[in-house]
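A short worksheet on the structure shown next.
The values are calculated or read from the model by the stated rules, or taken from the named source; none is laboratory data. Here the structure is a predicted model, which is why all the values come from computation and not from measurement. Cβ: placed from backbone, ideal geometry, glycine included. Neighbour counts: every protein chain shown.
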Amino acid sequence: MQNIYEQVRELENIQGLSKHEQLVQGIINAINDKLIQRGDMLPSVNNFIKELGFARETIAKGYKELVSRGIVESKNRIGFYVARENTENNLRIALIIFAFDSFQEVFYKTFRDNLGEPAHIDIFFHHNNIDVLESIVASVKGKYGMYVVAPIPHKRTAGILSTLPMNKFLMIDRYQKLEEEFSYVVQEFEKSSYAAFAELAPAIRRFKGMIHYHRPASDTPIEILDAYKKFVKNFKINSVIRTEYIPGSIEKGYVYFTINNAELWQMLKDAKAKGFRLGKDVGILSHNDEVVKEIIFDGITTYSTDFSIMAEKAASFVLHREKVQEVIPTVLLRRGSL
């Protein structure tokens, strides 16, 4: 019994968590952590009142929710018992990501499909804003059975994420070092970007130079810019780095590299308007692959991790809770644009 009380007490200082939610999640946590199992008797309402000081109505409401979800059963005049150990059929997952870009939509759909119908996913977007991330984490901690988070590269991130239970935490997309041991399924940016550039060097050298668009305040990984600078220096490529693409500015004889899809679509529109042939008059390289880039203009050359694989492994962690620390490979996909 004491283990159950301790699980509930651990949640008492979590902002925004009601007493009845604290009781429900505490009992679920005790089941998931195998402190109690199917058939075990749970504390009576009176015992909960004595140990925790909760109101009778609060405890009754918590037990009613657990019974309605099939996790707990009530036996008349006897008490409450654990009905089943598989609480994952009602597993609530907080998915915290940058935004709903096309490649993150691929991640979400694959993640959802692999989890199956019983899982409930709430999506939160931090838009690369550290204050927003902090607010989201504060509002969700203690309320979910699993936390799947794409972190922000920021000095405050580790402190924010460390408030989440690491046994129920999975880092995705980008890697951010934390003090505690944790699970992750991420991509790598610097070495993989350099390798892609190096493989494309013969094609790039057919042009007069290369132009890379990098927005300093954006969520674009700085590692890509570092890899690009190293590449053009080592391979002696004429290069210009600009903060944004100006519509209509595309010129014959250059390779254009952007991570921003809005810029990519504008480049393609301008190239078509000027009658430029991709791969001949101009070269175009994009990051993060998606179906449309395979189809349009005889294909856009990209280098990308496979977000479907990332999502499959994330779902497997959520379902089986087996520790994972994996970097998903990045692959260069050569097509007609370069």
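On the basis of being within 23 Å of residue 290 (Cα to Cα), touching a residue at least 24 places away in the same chain (Cβ under 8 Å) and more than 25 Å from the chain's Cα centre (by Cα), does residue 251 make the cut? The answer is no for residue 251.
Results for (1) among the hydrophobic types (A, V, I, L, M, F, W, C); (2) not in a helix (DSSP H, G or I), shown as yes or no for each residue.
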site	(1), (2)
269	no, no
304	no, yes
309	yes, no
323	no, yes
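Looking only at the range 204-224, residues that are among the aliphatic types (A, V, I, L, M) and within 24 Å of residue 133 (Cα to Cα) come to 3 in all. Entry remark, the range 271-298: residues being assigned to a helix (DSSP H, G or I) and under 23 Å from residue 331 (Cα atoms) number 8 in total. Hey, does the range 78-92 have a residue that's without any contact (Cβ under 8 Å) to a residue 40 or more places away in the chain, over 23 Å from residue 164 (Cα atoms) and among the aromatic types (Phe, Trp, Tyr)? Among the residues of the range 78-92, at least one is without any contact (Cβ under 8 Å) to a residue 40 or more places away in the chain, over 23 Å from residue 164 (Cα atoms) and among the aromatic types (Phe, Trp, Tyr), which makes the answer yes.
Scanning the range 143-150 turns up no residue that is surrounded by fewer than 17 Cβ atoms within 10 Å (Cβ to Cβ) and not β-branched (Val, Ile, Thr). Condition check: within 30 Å of residue 221 (Cα to Cα) and either β-branched (Val, Ile, Thr) or not assigned by TED's automatic domain parsing to the domain that holds residue 112 (or both). Does residue 78 satisfy that? For residue 78, the condition - within 30 Å of residue 221 (Cα to Cα) and either β-branched (Val, Ile, Thr) or not assigned by TED's automatic domain parsing to the domain that holds residue 112 (or both) - is not met.
Take residue 289 and tell me if it is acidic (Asp, Glu) and out of contact with any strand residue (DSSP E or B) (no Cβ under 8 Å at 6 or more places or on another chain). When the stated conditions are applied, residue 289 does not pass them.
Before we move on, is residue 107 out of contact with any strand residue (DSSP E or B) (no Cβ under 8 Å at 6 or more places or on another chain) and either among the aromatic types (Phe, Trp, Tyr) or part of a strand (DSSP E or B) (or both)? In short, no.
Taking residues in the range 230-248 that are part of a helix (DSSP H, G or I), and partners anywhere that are modelled with pLDDT of 95 or more and of a type in the set (S, T, N, Q), the pairs with Cβ atoms closer than 6 Å and at least 6 places apart or on different chains are 232/239. Listed by first and then second residue, the pairs linking a residue in the range 111-130 that is at positive phi to a residue that is buried (at least 16 other Cβ atoms within 10 Å of the Cβ) and among the charged types (D, E, K, R), with Cβ atoms under 6 Å apart and 6 or more places separating them unless they lie on different chains, are 128/219. When residue 175 is tested against (1) surrounded by fewer than 20 Cβ atoms within 10 Å (Cβ to Cβ); (2) over 26 Å from the mean Cα position of the chain (by Cα); (3) within 28 Å of residue 326 (Cα to Cα), only condition (2) is not met.
Of the residues examined, residue 37 is not one that is closer than 26 Å to residue 173 by Cβ and either touching a residue at least 40 places away in the same chain (Cβ under 8 Å) or of a type in the set (Phe, Trp, Tyr) (or both). Listed here are the helices (runs of 4 or more DSSP H) enclosed by the range 116-219 that have at least 1 residues being within 30 Å of residue 280 (Cα to Cα) and touching a Leu at 6+ places or on another chain (Cβ under 9 Å): 190-204. Of the residues in the range 310-319, none is in contact with a strand residue (DSSP E or B) (Cβ under 6 Å, 6 or more places away or on another chain), over 24 Å from residue 91 (Cα atoms) and modelled with pLDDT of 95 or more. Of the residues that sit in the range 86-125 and are hydroxyl-bearing (Ser, Thr, Tyr) and modelled with pLDDT of 85 or more, which one is nearest to the chain's Cα centre (by Cα)? Ranking the qualifying residues of the range 86-125, first place goes to 108. Scanning the range 2-22 for residues that are within 15 Å of residue 53 (Cα to Cα) and in contact with a Ser or Thr (Cβ under 7 Å, 6 or more places away or on another chain) yields 19, 20.
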